[in-house]
Amino acid sequence: MLSLGWISALVVGIFSAHVLQRLCFPYFWKDFFFLFSVGRYGLKLELFKLTSRVCTVLDRFIQQAQRIPEKPFIIYEGSIHTYKDIEQRSNRLANVFLHKLQVSKGDCIALLMNNEPDFVCVWFGLAKLGCPVAFLNTNIKSKSLLHCLKCCGAKALVVGADLVDCLPGIMSNLLEDNIQLWTMKSNCGDMKVESVLDHINAASDKPLPANLRATTSVKSPTLYIFTSGTTGLPKAAVITHLQSLKAAGGFWAFGANESDVMYIPLPLYHSAASLIGIGGTVELGATCVLKKKFSASQFWSDCRKHKVTVFQYIGELCRYLCNQPKTEMDKVHSVRMGVGNGLRPDVWQEFHRRYGDIKMCEVYGSTEGNLCFMNHIGKIGTVGRSNLIYRLLFKYDLVKYDKIKDEPVKDQYGFCQRVKKGETGLLLSKVSALTPFFGYAGNKQLTEKKLIRNVFVKGDTYVNTGDLMIEDHEGFIAFKDRVGDTFRWKGENVATTEVAETLGSVDFIQEVNVYGVEIPGHEGRAGMASMIVRPGFVFDGNTFFKHVVMELPTYARPLFLRLQLVMEMTSTFKQQKFQLVQSGFNPSTISDPLYVLDYQENSYIPLTKSVYQSIICGERKL
């Protein structure tokens with residue numbers, strides 16, 4: 001009877017504990033198993049720090065090419081490229097770079113290419129020589145392009161065959177700076193441009209000595225990926241082997257495996273597609289369908305054709321898909337998971353209604369940042385989840401922020417103040433041995449400006465993410481807004497100071513203040529510029545349009561203009577943006593002249609009430 005009583009008590013205790021756990025800690029086991037997996041992967045990376053041999057993403061690819069040589073690695077425009085194919089072609093390219101183009105270990109080589117298998121082959125080929133590769137945004141114009149090449153110290157530029165036409169405007173500058181110019185186009189006919197493909201057939205596809213690619217430190221730079229920042233021109237974020245290995249574990253952490261087929265429609269020059277997409281595919285030994293450019297009309301037919309199970313996204317991509325005409329085939333697919341960022345709650349819910357119960361895994365983290373949140377639970381509207389264990393490993397805080405003054409709120413001792421649970425605050429991430437910050441190449445001042453020192457105590461250092469976040473009482477974290485001089489539009493970060501500098505070079509413009517405004521039904525913020533016209537001049541919409549189209553990429557062009565007589569300033573003599581952002585672009589409430597970008601008229605035309613309504617109703621294409 002005693003033993004029976006003990007057994008009954010034990011059963012009741014276990015049942016009670018289970019009920020208590022479900023009521024008070026409903027996500028305990030999901031958190032536990034997720035953190036256990038991530039911790040196990042992180043421990044492997046930490047062990048690399050203690051050894052003299054690092055197994056890089058490239059090393060992992062070579063292992064996979066030996067293990068599964070005939071398995072499709074990249075499917076592109078109907079063509080299948082196996083692991084063996086990419087391995088051999090990257091070997092050929094490596095031999096061309098080494099013997100014909102005289103590349104040495106440690107040389108930085110810039111890459112300007114759209115999505116295609118040769119992007120990966122050139123990347124891996126250069127990595128096999130121990131060369132850091134700088135991924136260049138294919139939208140950037142001449143001035144920004146030259147700046148990018150200089151700040152990463154590129155010895156040469158490799159250009160895709162379809163981008164050769166962008167070279168004439170910068171050719172002389174490249175030659176002056178002793179930057180070699182190579183192209184993936186055969187018989188280019190220009191003596192100043194070296195064709196890589198003219199040498200590839202004669203090159204060996206045998207592996208190069210492993211010591212060329214070997215590294216003894218996970219902190220060694222392997223890539224430079226450019227990001228827009230508050231200082232204007234793009235900044236070269238230093239991507240170390242440690243960061244690339246962490247990113248490569250993203251698909252795996254969310255539960256993907258080698259039988260999955262990944263769909264990558266995002267540009268490879270961004271970290272999401274290259275580090276998480278290609279790196280994650282390599283880590284698993286899976287297959288990826290690489291799209292040259294995202295197409296909403298082809299997305300689901302591609303997924304059905306190639307039996308895609310996982311896709312990468314940005315919020316704007318999902319919105320485009322939800323705006324497609326409904327069909328009976330909407331839920332006929334094998335996609336089970338999406339990995340990305342920037343998905344609005346309303347689009348998230350509509351996406352589920354349209355296309356089924358697909359697990360959407362939000363990831364938060366900047367290219368250069370030292371902190372990452374992952375929404376492994378899949379709760380709508382959140383970018384990640386935190387708990388006691390996560391906070392012990394990754395020190396971050398949300399602090400009070402004054403939007404009007406555009407700075408953190410300080411206490412009487414000059415320290416930042418933490419917000420309470422459920423309140424919005426500026427996200428700061430502590431710099432430590434476990435979470436180092438590698439910053440930017442070319443200018444230490446750029447790295448320093450990203451840091452905040454003496455945040456809570458003297459001597460501490462945090463990375464200023466520039467993002468306003470909120471953490472609820474269950475530990476779920478949601479993105480609220482960006483602060484400072486950047487905003488996001490069409491999936492790209494826009495640096496307001498770079499745009500303002502470009503607009504200010506027009507002869508009839510005296511002063512410019514650039515900021516982002518919200519448009520109903522659209523992700524991010526659209527560019528808007530408040531400007532003062534020089535005395536004695538008049539605003540010319542046609543001339544201004546030509547200048548903007550010539551000098552700025554599509555996503556950075558301001559959609560709206562506001563002509564003011566006086567530019568508001570803060571108490572610290574910075575341009576006032578908060579009130580301008582709040583007032584938006586409604587001609588019914590703004591007395592200043594307003595203009596809107598119009599590609600049909602090739603001009604900036606007056607923003608009337610009828611045009612405004614067509615924008616709000618979604619009738620006018622932006």
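The values are calculated or read from the model by the stated rules, or taken from the named source; none is laboratory data. No experiment lies behind these values; they were computed from the predicted model shown. Every residue, glycine among them, receives a Cβ derived from its backbone with ideal geometry; neighbour counts consider all protein chains shown. We work out accessible area using only protein heavy atoms, side chains counted, and drop any ligands, DNA or RNA first. Shrake-Rupley method; radii C 1.70, N 1.55, O 1.52, S 1.80 Å.
Summary table
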item: Residues (surrounded by fewer than 21 Cβ atoms within 10 Å (Cβ to Cβ) and part of a helix (DSSP H, G or I)) located in the stretch 481-509; result: T497, E501
item: Filter pass, A9 being modelled with pLDDT of 75 or more and either of a type outside the set (F, W, Y) or in a helix (DSSP H, G or I) (or both); result: no
item: Residues (without any contact (Cβ under 8 Å) to a residue 60 or more places away in the chain and under 17 Å from the mean Cα position of the chain (by Cα)) located in the stretch 242-262; result: A247
item: Enumeration of residues in the stretch 393-418 that are modelled with pLDDT of 85 or more, surrounded by fewer than 17 Cβ atoms within 10 Å (Cβ to Cβ) and among the hydrophobic types (A, V, I, L, M, F, W, C); result: V409, F415
item: Answer residue from the stretch 179-222, given it is within 19 Å of G130 (Cα to Cα) and among the polar types (S, T, N, Q) and is surrounded by the fewest Cβ atoms within 10 Å (Cβ to Cβ) among those; result: N211
item: Number of positions in the stretch 262-297 that are under 19 Å from Q63 (Cβ atoms) and touching a Lys or Arg at 6+ places or on another chain (Cβ under 9 Å); result: 7
item: For L321: the one exception among (1) hydrophobic (A, V, I, L, M, F, W, C); (2) over 25 Å from F32 (Cα atoms); (3) in contact with a Ser or Thr (Cβ under 7 Å, 6 or more places away or on another chain); result: (3)
item: The stretch 397-414, residues that are touching a residue at least 40 places away in the same chain (Cβ under 8 Å) and either within 30 Å of V38 (Cα to Cα) or not in a strand (DSSP E or B) (or both); result: D397, L398, V399, K403, I404, K405, D406, G414
item: Per-region count, the stretch 435-480, residues closer than 26 Å to A154 by Cα and either open to solvent by 60 Å² or more (accessible area, probe 1.4 Å) or among the polar types (S, T, N, Q) (or both); result: 7
item: Flag if V282 is closer than 19 Å to L317 by Cα, hydrophobic (A, V, I, L, M, F, W, C) and touching a helix residue (DSSP H, G or I) at 6+ places or on another chain (Cβ under 6 Å); result: no
item: Residue list for the stretch 512-571, restricted to those being part of a loop (DSSP other than H, G, I, E, B) and of a type in the set (G, A, S); result: G521, G524, G536, S571
item: Residue in the stretch 365-372 that is more than 23 Å from N341 (Cβ to Cβ) and either open to solvent by less than 40 Å² (accessible area, probe 1.4 Å) or in contact with a helix residue (DSSP H, G or I) (Cβ under 6 Å, 6 or more places away or on another chain) (or both) present; result: no
item: In the stretch 51-105, residue most open to solvent (accessible area, probe 1.4 Å) [restricted to those that are at pLDDT 95 or above, over 21 Å from I264 (Cβ atoms) and among the basic types (K, R)]; result: R67
item: Among (1) open to solvent by 20 Å² or more (accessible area, probe 1.4 Å); (2) farther than 21 Å from L233 by Cβ, the one test that K143 misses; result: (2)
item: Listing of strands (runs of 3 or more DSSP E) fully contained in the stretch 415-476 that carry 1 or more residues being under 21 Å from S386 (Cα atoms), under 20 Å from the mean Cα position of the chain (by Cα) and of a type outside the set (A, V, I, L, M, F, W, C); result: 424-430, 461-471
item: Options A203, A127, A156, A161: the member that is in contact (Cβ under 8 Å) with a residue 24 or more places away in the chain and under 22 Å from the mean Cα position of the chain (by Cα); result: A127
item: Subset of the stretch 258-275 (residues that are open to solvent by 30 Å² or more (accessible area, probe 1.4 Å) and out of contact with any Gly (no Cβ under 9 Å at 6 or more places or on another chain)); result: S259
item: Matching option when the condition is surrounded by 19 or more Cβ atoms within 10 Å (Cβ to Cβ), of a type outside the set (F, W, Y), under 29 Å from G439 (Cα atoms) and touching a Cys at 6+ places or on another chain (Cβ under 6 Å), among C121, C108, C151; result: C108
item: Residue selected from the stretch 602-617 under the condition assigned to a loop (DSSP other than H, G, I, E, B) and without any contact (Cβ under 8 Å) to a residue 60 or more places away in the chain, by the criterion farthest from the chain's Cα centre (by Cα); result: T608
item: The stretch 238-273: number of residues that are of a type in the set (G, A, S) and touching a helix residue (DSSP H, G or I) at 6+ places or on another chain (Cβ under 8 Å); result: 8
item: Enumeration of residues in the stretch 127-145 that are over 15 Å from S271 (Cα atoms), of a type in the set (A, V, I, L, M) and touching a Leu at 6+ places or on another chain (Cβ under 8 Å); result: A127, L129, L145
item: Qualifying residue in the stretch 510-533 (condition: under 21 Å from E316 (Cα atoms), open to solvent by 70 Å² or more (accessible area, probe 1.4 Å), touching a residue at least 60 places away in the same chain (Cβ under 8 Å) and among the β-branched types (V, I, T)); result: no
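For (1) aromatic (F, W, Y); (2) out of contact with any helix residue (DSSP H, G or I) (no Cβ under 8 Å at 6 or more places or on another chain); (3) open to solvent by 20 Å² or more (accessible area, probe 1.4 Å), each residue gets a yes or a no:
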| site | (1), (2), (3) |
| --- | --- |
| F545 | yes, yes, no |
| L563 | no, yes, yes |
| L580 | no, yes, no |
| F585 | yes, no, no |
| P593 | no, yes, yes |
